[in-house]
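First comes the structure, then the notes that go with it.
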Amino acid sequence: MHTSTSPYLLETASIDWGDDNVPRSSLYGDVYYCREHGLAETRYVFLEQNSLAERFSAVADHTTFTIAETGFGTGLNFLAAWQLWREQVKPSSLCRLHFVSVEKHPLFKADLQRALAQWPELAELSQTLEQAYPELVAGQHRLEFDDGRVVLDLLFSDAEAGFASLQRSRHPLYLRSHAAVDAWFLDGFAPGSNPGMWSDSLFNAIAALSKTGSSFATFTAAGFVKRALQERGFSVEKVPGFGRKRDMLRGRFSPTARPAPTQKRLRVSENAAWHLPEPMPRPASVAVVGAGLAGCHTAAALAKRGIRVTVLEQGHQVAGAASGNPQAILYTKLSHQAGQLNQFALSSFLHACRFYRAMPDLPGDLCGVLQLVDSTRQEQLDKLRSAFARQDDWCQFVSSEEASAIAGIDLASPAVYFRQAGWLRPAALCKQLLSHPNISVLTGHALHELRQQARGWQLQCENGASITVDAVVLANSHHAMGLPQCAHLPLKIIRGQLTLIPDSEVSALPRSVVCHEGYIAPPVDNEIVIGASYDTRSADTALRDEDNEANLQKLQEAIPGITFSARNTPYKARASLRCTSPDYLPLIGPAPIAEQQLKTFAPLAKDAKTLVEQRGAYYPGLYLNLGHGSRGLTSTPLAAEIVASQLCSEVPPLPRDLTRALSPSRFLIRSLVRGR
């Protein structure tokens, strides 16, 4: 067991296996399951009492059924539900099972494997889960199975905080603005062993996330649990328990019978629901503007949900702009502080590593990434070591000698080693993401005008083409600012130039990616890619000799042993434009109607604590996925999931505070609060 003040580390489960090979929690003194009948008990208590076989078989095409669970434990309940889903739902229906579970004390993978080995009939599913099992880092982790038809969100968090974070708002008028759960597994250890799992605040969050008709089942028949659920609008029925247990509870949610839960004092950030658009139906068709990394990931995320997607690209090929670089690096920079930029950077990096690792034909190599660390900043390095202690499965702190052995070249600095990261070919990745029957790609279609219709949008292209869809996602980088709907966005253009050198002219070739102020990676197409310049003052993509020289100089300062045999030869290069935001977080979410948004929330300019009763002012069905800067390969897989979950009214892949931090409206609200 490990405790830490780090915002990322967890108190992991401490397991006592005993002579009977049954996992017991040393902390709570309770078993995770009954060895003889654990799977049968799961099926009876959670699957049968929630009527899941009948409900799964009746799920409509292209819809999502959401189960939420308090206490992931060994994952046995999830595997049983997944097995039943496979039995009852045809893959051709493109329905999705979304399973959301919290776990304050997650098991180490070795304990998980040992526990699930008890159930041979689940072996295939167990092994798939074990391979995808996330890093033991606090926060929300999204895993996908069966080509995206089964989604598992694991929240390594206290149950109360975890489910409260999935509510889109804590504003008293919009508590149930994200009621997405169809069925609840109220599991976890018994109330007598773990009372924190059965708190009033947790029951409030359960009610806020429940749809009308949402069911629950729980092994306990404790009176206070029954009363708490009834007070929040659940009808509760006591039924026979499993085996020797006499009673258990099940029921359904009817919000008309629910009194408003008592609210704690609202934080200033919760008193105005400026980030919430008006609800809209799930779209059947979406246009994605831009065929770079952001657009292609977005199109793929929507297509696997059964939505027809048309991708518009102004160039004559996919990934022709910044995403057209021959090599892109999957990396992050760690921080011991828990700021929103750092949290998003880490969450998106871990998600991207899992996403790319699961691709069947990865266009690149996850050969590992070494992030060199300035050895003179020992205090900073010590803080990082402390914040990410016991994370060696994905993040190691290595000496210069160890780093040199990993890279196969002499390195003079210590480094952080990300063993799961590496490099990819962006253009090949984009083409692979777009190879879905629900996606149509139109190159040479520059967007000229975006017209809002009575229902949906009409896109007029410069070549005269006209397309009508239910919703639009703009993933076209700084070009979005050319549309009147986005003219207010504070995007900044970054010019970046790569230098390309034949690998035969480089004295030493790295086996892994090495990042410093720039980067060098293993050869691609017999060339070494050295990146990259960073210029916020120019939008000119003409190649510059001085940028090549600067790239090589930075590389040799970081790795003095590398030399080039043809230093005076004109180097090949590639320059492109990226865009970022003033706070370096991308813009992900609904597009605000700027003037109306400022008017609606004008009271915040006088008093930031004012309770504003309106939702935000947004263009219906217009969403943004912009501003990824130089980390698009890392941030766009999670960004696409955020946009898709918002369009489809699903449980989001990130907690509320991070979703708000990414909202394209944040700059308008800041300008009001700061009096600008």
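The values are calculated or read from the model by the stated rules, or taken from the named source; none is laboratory data. Just so you know, these numbers come straight off a predicted model, no measurement behind them. Cβ placement follows ideal geometry from the backbone for every residue including glycine, while neighbour counts extend to all protein chains displayed.
Some notes on this structure:
- Count of segment 527-570 residues which are surrounded by 14 or more Cβ atoms within 10 Å (Cβ to Cβ), of a type outside the set (Lys, Arg) and outside any loop (DSSP other than H, G, I, E, B): 14
- Residue that is assigned to a strand (DSSP E or B), over 31 Å from the mean Cα position of the chain (by Cα) and more than 30 Å from Ser649 (Cα to Cα), where the choices are Ala605, Ala573: Ala573
- Cβ-Cβ under 6 Å pairs, at least 6 apart or on other chains, segment 218-236 side in the same structural domain as Ser51 (by TED's automatic domain parsing) and buried (at least 21 other Cβ atoms within 10 Å of the Cβ), far side β-branched (Val, Ile, Thr) and modelled with pLDDT of 95 or more: Phe219/Val45; Leu229/Val236
- Selected residue (criterion: nearest to the chain's Cα centre (by Cα)) from residues of segment 424-438 that are under 17 Å from Arg308 (Cβ atoms) and surrounded by 20 or more Cβ atoms within 10 Å (Cβ to Cβ): Leu433
- Any hit, segment 511-532, residues being more than 28 Å from Val416 (Cα to Cα) and in contact with a strand residue (DSSP E or B) (Cβ under 7 Å, 6 or more places away or on another chain): no
- Scanning segment 496-526 for residues that are charged (D, E, K, R) and modelled with pLDDT of 95 or more gives a single hit, Arg511.
- Meets criteria (under 23 Å from Ala389 (Cβ atoms) and of a type outside the set (A, V, I, L, M)) for Ser165: no
To keep it simple, each residue is scored yes or no on (1) under 24 Å from Asn476 (Cβ atoms); (2) basic (Lys, Arg); (3) buried (at least 20 other Cβ atoms within 10 Å of the Cβ); (4) without any contact (Cβ under 8 Å) to a residue 24 or more places away in the chain.
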residue: Asp607; (1), (2), (3), (4): no, no, no, yes
residue: Arg631; (1), (2), (3), (4): yes, yes, yes, no
residue: Glu641; (1), (2), (3), (4): yes, no, yes, no
residue: Leu647; (1), (2), (3), (4): yes, no, yes, no
residue: Leu662; (1), (2), (3), (4): yes, no, yes, no
residue: Gly675; (1), (2), (3), (4): no, no, no, no
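- Hits in segment 169-186 (condition: in contact with a helix residue (DSSP H, G or I) (Cβ under 6 Å, 6 or more places away or on another chain) and either at pLDDT below 70 or closer than 22 Å to Gly38 by Cα (or both)): Phe185
- Pairs where the first residue, in segment 355-373, is without any contact (Cβ under 8 Å) to a residue 60 or more places away in the chain and the second is in a loop (DSSP other than H, G, I, E, B), C-beta under 9 Å, 6+ apart: Leu366/Arg419; Leu366/Gln420; Leu366/Ala421; Val373/Ser413; Val373/Pro414
- Qualifying residue in segment 608-630 (condition: part of a strand (DSSP E or B) and of a type in the set (S, T, N, Q)): yes
Listed here are the residues, each with its yes/no results for (1) polar (S, T, N, Q); (2) on the phi < 0 side of the Ramachandran plot.
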position	(1), (2)
Gly589	no, no
Phe601	no, yes
Pro620	no, yes
Leu626	no, yes
Gly629	no, no
Thr634	yes, yes
Ala639	no, yes
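- Conditions (1) out of contact with any helix residue (DSSP H, G or I) (no Cβ under 8 Å at 6 or more places or on another chain); (2) surrounded by fewer than 22 Cβ atoms within 10 Å (Cβ to Cβ); (3) in contact (Cβ under 8 Å) with a residue 60 or more places away in the chain; (4) under 28 Å from Leu624 (Cα atoms): number failed by Val524: (4)
- Every condition in (1) within 15 Å of His275 (Cβ to Cβ); (2) modelled with pLDDT under 95 holds for Ile588 except the one numbered (2).
- All positions within segment 470-510 that are free of Cβ contacts under 8 Å to residues at least 60 places away in the same chain, more than 23 Å from Ser533 (Cβ to Cβ) and touching a strand residue (DSSP E or B) at 6+ places or on another chain (Cβ under 6 Å): Leu483
- Counting only strands (runs of 3 or more DSSP E) that fall entirely inside segment 276-386 and contain at least 2 residues that are surrounded by fewer than 16 Cβ atoms within 10 Å (Cβ to Cβ) and of a type in the set (Asp, Glu), no element qualifies.
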